[in-house]
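The structure under discussion appears below in the form of structure tokens.
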Amino acid sequence: MATPPPIRLGLDFEHDYPGASAVSTACVLNLVQTADQLVGRVAALARAYGIPSPTAFVVLEILRGAREPLPPHVIAERLFLHRATVTGLLDSLESRRLIQRQPHPTDRRMVLIELTSTAQQVLDELVPRLHRAEHAWLQALPSEQQATLLDLLVRLQAGLASTGAADGNGIPEQREI
């Protein structure tokens, strides 16, 4: 699959969009494009191991890291997702025999989610392969530039977190014309 070229904006961009920044817009567009490529690669690797999505893979990693069965609401909290969304993910993982639901020992209204031995074997193979792939994906940047990129991303994430507006997304409210 060919890598799309970097997105660059014409000299007239700021003229056409007063108050905009061609460099800022190009950065956002290229970050989104890069994120899409990386998520696609992680998704393809996960699917090769029978895991339906990157989010399902994160569910398995949450369970592996917990080292004990977890209730669905805890998984939802750690994913920052609604519990109903997590229920669908758990259904999918259970149908693939990667997780199992167990009755809670003290609360009959709850269940606990745990990895199956199949999931543990899959993760034991997949995770090292993913980390080797991540290393290969970033080989275009020497390690010093990777560290700089990480620092820049941390600063960008902090800036995004501190940017506020009425809708919480750093976007001014829409005005009627």
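The values are calculated or read from the model by the stated rules, or taken from the named source; none is laboratory data. Please read these numbers as outputs of a predicted model, since none were measured by experiment. Cβ placement follows ideal geometry from the backbone for every residue including glycine, while neighbour counts extend to all protein chains displayed.
Assorted remarks:
- In segment 46-66, the residues that are part of a loop (DSSP other than H, G, I, E, B) form Cβ pairs under 6 Å with partners that are of a type in the set (D, E, K, R), at six or more places apart or across chains, as follows: GLY50/ARG96.
- Taken over segment 46-104, the criterion of being under 19 Å from VAL122 (Cβ atoms) and among the β-branched types (Val, Ile, Thr) is satisfied by ILE51, THR55, VAL58, VAL59, ILE62, ILE75, ILE99.
- Matching residues, segment 52-84, being of a type outside the set (Gly, Ala, Ser) and more than 15 Å from the chain's Cα centre (by Cα): LEU63, ARG64, ARG67, GLU68, PRO69, LEU70, PRO71, PRO72, HIS73, VAL74, HIS82, ARG83
- Of all residues in segment 63-76 being surrounded by 14 or more Cβ atoms within 10 Å (Cβ to Cβ) and out of contact with any Leu (no Cβ under 7 Å at 6 or more places or on another chain), the one that is nearest to LEU115 (Cα to Cα): ALA66
- Qualifying positions in segment 84-114 - touching a helix residue (DSSP H, G or I) at 6+ places or on another chain (Cβ under 8 Å), farther than 15 Å from GLU61 by Cα and not basic (Lys, Arg): THR85, THR87, SER92, VAL111
Matching residues to (1) part of a helix (DSSP H, G or I); (2) out of contact with any Ser or Thr (no Cβ under 9 Å at 6 or more places or on another chain); (3) modelled with pLDDT of 95 or more; (4) on the phi > 0 side of the Ramachandran plot:
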| residue | (1), (2), (3), (4) |
| --- | --- |
| GLU68 | no, yes, no, no |
| HIS73 | yes, yes, no, no |
| GLY88 | yes, yes, no, no |
| ASP107 | no, yes, no, no |
| LEU112 | no, yes, yes, no |
| HIS135 | yes, yes, yes, no |
| LEU149 | yes, yes, yes, no |
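- Flag if LEU45 is of a type outside the set (Ser, Thr, Tyr), surrounded by 15 or more Cβ atoms within 10 Å (Cβ to Cβ) and at negative phi: yes
- Annotation: SER24 fulfils all but one of (1) under 30 Å from ASP124 (Cβ atoms); (2) at pLDDT below 95; (3) not acidic (Asp, Glu); the unmet one is (1).
- Total residues in segment 1-32 satisfying the condition of being out of contact with any Leu (no Cβ under 7 Å at 6 or more places or on another chain), over 18 Å from GLU134 (Cβ atoms) and assigned to a helix (DSSP H, G or I): the figure is 11.
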